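A short write-up of the structure that comes next.
What follows draws every value from the coordinates through simple rules; no lab data is involved. Being a predicted model, the structure only gives us computed values, none of them experimental. As a convention, Cβ positions derive from the backbone with ideal geometry for all residues, glycine included, and neighbour counts pool all protein chains shown.
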Amino acid sequence: MMKGATTWSYAPYKPFFFDRGDIYVCRLAPDERSFHCEWLAAPGPEYELMLRPEGEGEFACAARVTVPEATVEGLKEETDYEFYVRCGGKKSRVRLFRTGRPVGTVVNYLHPRDDEYAFSGRYLCSPSLVRHPDGYLLASMDLFAGGAPQNLSLIFRSDDDGRTWHYLTDLFPCFWGKLFIHRGELYMLACSTEYGDLLIGKSADGGRTFGAPTALLRGSCKCGVAGVHKNPQPVIEHRGRLYETLEWGSWGEGYHAAMVMSADVESDLLDPASWRFTPPVKYDPAWPGVASGPSSGNIEGSLVVSPDGALFNIMRYDMTKCRPNYGRVLAYRVDTDDPDAPLAYDHAVELPGNHSKFMIKRDERTGLYFTIISRILDGEGVMNRNLLSLMVSKDLRRWELAADLIDRRHEDPRGTGFQYVDWMIEGEDLLYLCRTAMNQPHNYHDANYQTFHRLAGFRDLLNGF
């Protein structure tokens, strides 16, 4: 019997006629000379993991286990392998991985030629990180590729503060999603696909399952036509309302217009009537402080409260065809007295990370503002993302380098990227989840890893700032 969809979550999601195998391999984590994988349990007392170097010889049993996960050691470095899992006459799809030393802790990995998620995409994007009130960490990511449907997200859970991770569920349709906690409950705010409908849903069991989502704003559901554009940014509470940033536009249309959505903190977040949206504001090249030349404007803003209590949306800025061609972001003021008022452009800010998504947060202990950026060093490499840096500011206007977190400038920037970081401060440490491209990804942008990192004692880097 087939019934209508009553949920947002699946384990796993299986499109009609798309062969996902009898056993779902739900997580991969390769290392320099080993790899770990996890799959959903299947009937049978024992599993066999069959492995070979890609295209070489016959598959051989590399592990025999009674639990739905295994680690294989002693592999060749920088080598592509293929494998499958079998149990009691059932087997998984053949999956791919490449050995190579990663950075941080691998939450998940996807080989650029692995078509396990081809119905959505081939690369891992949109990292979102949250601490659940019950103590564990949750990490989500979506599956994207240019021109692909881009409508699947994966959620993973860590019960040991990020040292190990395990698969939790799939969300479909879900793209550009942000997990957040409000009043002790877990929500996901996302799009159905690139430029699609804006959706929100809630989980009552810690992220294992989500009820059917509510559509808050209708998009175009067409990548070349203007619709909803967003990214995983914090949903922040300010003066009795929740706020989140988004845009209306598309790359195909040549613009993205800045918006903010908000709801009363006591309202039902699953009720579309609870939410208000500011009218979209297009970029104006006549604004003071902007660069000279053509620009598609701003995307992927970060909402933050300034030292004087004003709410700003500080946004990534396209300067690729401008003079100068990097180094500024633009700040829009939010009218917190009128949730229907459009954003007002306020000023430009010098920040050498304007060609990739960044997230700004205030450290309650010191009062300082922090952001993690894919730092640009000069006008010759404005699209490079092989240097990830922590920046600090007292006033949101003047930013200084606190530390370089990942520096791979010695590697080819076309195949190395650390980008779109979601992060949080916990005690003395800074935790972050990174969209990571390394060890022969499709390219620097189309990432093959999501990696988790902990920067212990991060305030010690400030050197009296």
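Run the numbers on the chain and let me know its relative contact order in percent, using alpha-carbon pairs under 8 Å that are six or more apart. Don't jump to the answer; show the numbers that get you there.
Values: 1315 pairs, mean separation 48.8, N = 465.
Answer for the chain is 10 percent.
Based on DSSP, what percent of beta bridges with both residues in segment 240-379 are antiparallel, to the nearest 5? Don't skip to the end; give the middle numbers.
On the way: 35 of 36 bridges.
Percent antiparallel among DSSP bridges in segment 240-379 is about 95.
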Lys and Arg at +1, Asp and Glu at -1: add these up for the other residues within a Cβ distance under 13 Å of Gly74 and post the number. -2
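Under a point-charge model restricted to the Cβ atoms of Lys and Arg (+1) and Asp and Glu (-1), what is the dipole moment magnitude of the chain relative to its Cα centre, in debye to the nearest 20? Present the calculation step by step, with values, prior to reporting the outcome.
Details: 51 positive and 63 negative charges, 103 e Å.
My answer is approximately 500 debye.
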Which ³J(HN,Hα) values, rounded to whole Hz and listed in residue order, are derived for segment 304-318 from phi using the Karplus coefficients 6.51, -1.76 and 1.60 in 6.51 cos²θ - 1.76 cosθ + 1.60 with θ = phi - 60°, glycine and proline given as x? 7, 8, 6, x, 8, x, 7, 9, 10, 10, 9, 10, 4, 9, 6
Label point distance in nm, Glu400-Asp115, each placed 7 Å from Cα along Cα→Cβ: 5.4 nm
Placed amide H near Arg241: partners under 5 Å, 5+ positions off or other chain: Val265
Which one, Gly177, Leu311, Phe35, is farthest towards the positive end of the dipole of the chain when Lys and Arg carry +1 and Asp and Glu -1 on their Cβ? Gly177
Sites Glu380 and Glu78, calculated FRET efficiency, Cβ-Cβ separation with R0 30 Å, nearest 0.05: 0.55
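List, in the order given, every pair from Lys321/Lys361; Lys178/Lys357; Lys3/Lys202; Lys3/Lys91 whose Cα-Cα distance in the structure shown is over 23 Å. Intermediate values should be presented prior to the final figure.
On the way: Lys321/Lys361 29 Å; Lys178/Lys357 14 Å; Lys3/Lys202 21 Å; Lys3/Lys91 27 Å.
In this structure, Lys321/Lys361; Lys3/Lys91 exceed 23 Å between Cα atoms.
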Counting Lys and Arg as +1 and Asp and Glu as -1, what is the net charge of the other residues whose Cβ lies under 12 Å from the Cβ of Ala348? 0
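Thr71 to Arg52: extension gain in nm, 0.36 nm per residue of separation minus the Cα-Cα distance? Mind showing how you got there, number by number?
Working: separation 19, 0.36 × 19 = 6.84 nm, distance 1.45 nm.
Separation in residues times 0.36 nm, less the Cα-Cα distance, equals 5.4 nm.
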Pair Arg131, Arg163: separation of 7 Å Cα→Cβ label points (nm): 1.7 nm
If R0 is 45 Å, what FRET efficiency do you get for Leu40 and Arg323 from their C-beta distance, rounded to 0.05? 0.25
If unit charges are put on Cβ atoms (+1 for Lys and Arg, -1 for Asp and Glu) and the dipole of the chain is taken about its Cα centre, the option from Asn108, Gly57, Leu330 lying farthest towards the positive end turns out to be Gly57
Where a label projected 7 Å from the Cα of Asp335 along Cα→Cβ would reach, residues of segment 269-306 with amide N under 17 Å: 276-282
Built amide H within the under 5 Å cut-off of Leu216, gap 5+: Leu198, Leu199, Ile200
Counting Lys +1, Arg +1, Asp -1, Glu -1, what net charge surrounds Leu242 among other residues with beta carbon under 11 Å of its beta carbon? 0
Interchain or sequence-distant (5+) residues whose placed amide H lies within less than 5 Å of the amide H of Trp8 are Phe210, Gly211, Ala212
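Not counting the cut sites, what is the longest span of the chain without GluC sites (Glu not before Pro) that DSSP labels loop and that have at most 14 other Cβ atoms within 10 Å?
Working: sites that count: Glu32, Glu46, Glu56, Glu58, Glu73, Glu77, Glu78, Glu266, Glu364, Glu380, Glu411, Glu428.
Of all site-free stretches, the longest is 79-265.
Just the number, please: Stokes-Einstein D of the chain in µm²/s, Kirkwood Rh from C-alpha pairs, 25 °C, 0.890 mPa s.
Numbers: Rh = 22.8 Å.
Reported coefficient: 108 µm²/s.
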Go ahead and collect, in residue order, the members of segment 427-465 whose backbone nitrogen is under 18 Å from a label point 7 Å along the Cα-Cβ direction of His410. 438-440
